[in-house]
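Colleague: Okay, here's the structure, questions in a sec.
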Amino acid sequence: HLLFILATTELHKVPATILSRCQRFSFRRISQEDIANRLQYVAYQENIDLDDGAARVLARLADGGMRDGLSLLDQCASATTGELTAERVYACLGIAGERRCGELMGYVADHDTKKALELFNRLYTEGKDLGALLDELACLTRDLLVLKTAPGAGITMLSGVASDQEALALVKRFSSGELVRIMSLLQATMSGFTRATSRRMDASCVWWSY
């Protein structure tokens, strides 16, 4: 007897003609805490000096997938020497990180376009990926909306783009309407990246539009 085992994280792309002939098993996403603990274990076994903050960042970026978390750990460990910290993870993967995302959202809350653009240009010059930056900001905006609509239970549903304390401080500076508008601007900009002639210009317009 021959048995085929198919595995995918994008079930919607599997043709119906194949799905109808399969017995389907759905697996839940692994919690960030479990992924972080496993990454710490693997790092110890492989003599990688991984600090707790970096493990949490990698676990968040893995989005419930242990394989993705291990791949990110391997990528970052190969590109750095010494202790692997959260800041080094941000640098290796070209993302802004929670501190700078929080800082940028703070300028947005203050309607300080000048400082927002200055920080944005600094991140761009440092080589941060613009798509990843806007995605981080969209995740943070979503977190703030969750805290607005579910202030009690919402703290357990945050993505981890910013610390819980920073998210709680930021949410007080926005109305729900403002957050919805920011989310719409970010999503519209990201969806237009595929046909944009200048991603930098399109991303810069987010701060002027708001």
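Colleague: Given (1) surrounded by fewer than 17 Cβ atoms within 10 Å (Cβ to Cβ); (2) under 25 Å from V206 (Cβ atoms); (3) not polar (S, T, N, Q), identify the lone condition not met by G82.
Modeller: (2)
Colleague: Report yes if Q32 is surrounded by fewer than 18 Cβ atoms within 10 Å (Cβ to Cβ) and not hydrophobic (A, V, I, L, M, F, W, C), otherwise no. Outline the logic, then answer.
Modeller: On the way: surrounded by fewer than 18 Cβ atoms within 10 Å (Cβ to Cβ): no; not hydrophobic (A, V, I, L, M, F, W, C): yes.
Criteria not met by Q32.
Colleague: hydroxyl-bearing (S, T, Y) and under 16 Å from the mean Cα position of the chain (by Cα) - does that describe any residue in the stretch 125-147? Quick ask: steps written out before the conclusion?
Modeller: Looking only at the stretch 125-147, we keep the residues that are hydroxyl-bearing (S, T, Y), and these are 125, 141.
Of the ones still in play, those that are also under 16 Å from the mean Cα position of the chain (by Cα) are 141.
Yes, there is a match, as at least one residue in the stretch 125-147 is hydroxyl-bearing (S, T, Y) and under 16 Å from the mean Cα position of the chain (by Cα).
Colleague: Pairs under 8 Å by beta carbon, first residue among the small types (G, A, S) in the stretch 109-120, partner in a helix (DSSP H, G or I), six or more apart or different chains?
Modeller: These pairs meet every condition: A109/L170; A116/L104; A116/Y107; A116/V108; A116/W207.
Colleague: Okay, moving on. Consider the stretch 72-117. How many of its residues are under 20 Å from the mean Cα position of the chain (by Cα), closer than 17 Å to R56 by Cβ and of a type in the set (D, E, K, R)?
Modeller: Matching residues across the stretch 72-117 total 5.
Colleague: Name the residues in the stretch 165-177 that are of a type outside the set (A, V, I, L, M, F, W, C), surrounded by 12 or more Cβ atoms within 10 Å (Cβ to Cβ) and at pLDDT 85 or above, would you? Outline the logic, then answer.
Modeller: Filtering the stretch 165-177 down to residues of a type outside the set (A, V, I, L, M, F, W, C) leaves 165-166, 172-173, 175-177.
Remaining after also requiring surrounded by 12 or more Cβ atoms within 10 Å (Cβ to Cβ): 166, 173, 176.
If the condition is that a residue be of a type outside the set (A, V, I, L, M, F, W, C), surrounded by 12 or more Cβ atoms within 10 Å (Cβ to Cβ) and at pLDDT 85 or above, then R173, S176 are the ones that fit.
Colleague: Right, here's the next one. Just for the stretch 67-101: of the residues that are among the hydroxyl-bearing types (S, T, Y) and free of Cβ contacts under 8 Å to residues at least 24 places away in the same chain, which one is nearest to S159 (Cα to Cα)?
Modeller: Going residue by residue through the stretch 67-101, those that are among the hydroxyl-bearing types (S, T, Y) are 71, 78, 80-81, 85, 90.
Filter once more, so that each one left must be free of Cβ contacts under 8 Å to residues at least 24 places away in the same chain: 71, 78, 80-81.
Working: S71: 20, S78: 26, T80: 26, T81: 28 Å.
So the residue we want is S71.
Colleague: Out of everything in the stretch 129-145 that is surrounded by fewer than 21 Cβ atoms within 10 Å (Cβ to Cβ) and free of Cβ contacts under 8 Å to residues at least 60 places away in the same chain, what residue ends up being farthest from E87 (Cα to Cα)?
Modeller: Checked the stretch 129-145; the qualifying residue farthest from E87 (Cα to Cα) is L145.
Colleague: Kindly indicate whether any position in the stretch 178-198 is among the hydrophobic types (A, V, I, L, M, F, W, C), crowded, with 18+ Cβ neighbours inside 10 Å, modelled with pLDDT under 85 and in the same structural domain as N121 (by TED's automatic domain parsing).
Modeller: Within the stretch 178-198, the subset among the hydrophobic types (A, V, I, L, M, F, W, C) is 179-180, 182-183, 185-186, 188, 190, 193, 196.
Still in the list and also crowded, with 18+ Cβ neighbours inside 10 Å: 179, 182, 185-186, 190.
Narrowing further to those that are modelled with pLDDT under 85: none.
No; the residues of the stretch 178-198 include none that is among the hydrophobic types (A, V, I, L, M, F, W, C), crowded, with 18+ Cβ neighbours inside 10 Å, modelled with pLDDT under 85 and in the same structural domain as N121 (by TED's automatic domain parsing).
Colleague: Between V206, V161, which is of a type outside the set (D, E, K, R), closer than 29 Å to R88 by Cα, part of a loop (DSSP other than H, G, I, E, B) and at pLDDT below 90? Please lay out each step first, then the result.
Modeller: Numbers: V206 fails: part of a loop (DSSP other than H, G, I, E, B).
Selected residue: V161, the only one of V206, V161 that is of a type outside the set (D, E, K, R), closer than 29 Å to R88 by Cα, part of a loop (DSSP other than H, G, I, E, B) and at pLDDT below 90.
Colleague: Also, I was wondering about something else. In the stretch 84-94, is there at least one residue being of a type in the set (F, W, Y) and in contact with a helix residue (DSSP H, G or I) (Cβ under 6 Å, 6 or more places away or on another chain)?
Modeller: Looking only at the stretch 84-94, we keep the residues that are of a type in the set (F, W, Y), and these are 90.
Now restrict to residues that are in contact with a helix residue (DSSP H, G or I) (Cβ under 6 Å, 6 or more places away or on another chain): none.
No - not one qualifying residue is present in the stretch 84-94.
Colleague: Next up: With the condition kept exactly as written, say whether any residue in the stretch 98-109 is hydroxyl-bearing (S, T, Y), closer than 30 Å to T81 by Cβ and outside the structural domain of A62 (by TED's automatic domain parsing). Can you show your working first?
Modeller: Filtering the stretch 98-109 for residues hydroxyl-bearing (S, T, Y) gives 107.
From the residues that got through so far, the ones that are closer than 30 Å to T81 by Cβ too are none.
No, there is no match, as no residue in the stretch 98-109 is hydroxyl-bearing (S, T, Y), closer than 30 Å to T81 by Cβ and outside the structural domain of A62 (by TED's automatic domain parsing).
Colleague: When residues of the stretch 178-210 are filtered for being farther than 19 Å from K115 by Cβ, under 18 Å from the mean Cα position of the chain (by Cα) and among the hydrophobic types (A, V, I, L, M, F, W, C), how many remain?
Modeller: The number of residues fulfilling the criteria is 5.
The values are calculated or read from the model by the stated rules, or taken from the named source; none is laboratory data. In this text the structure is predicted, and so the values were computed from the model without any measurement. So basically every Cβ, Gly included, is an ideal-geometry build from the backbone, and we count neighbours across all protein chains shown.
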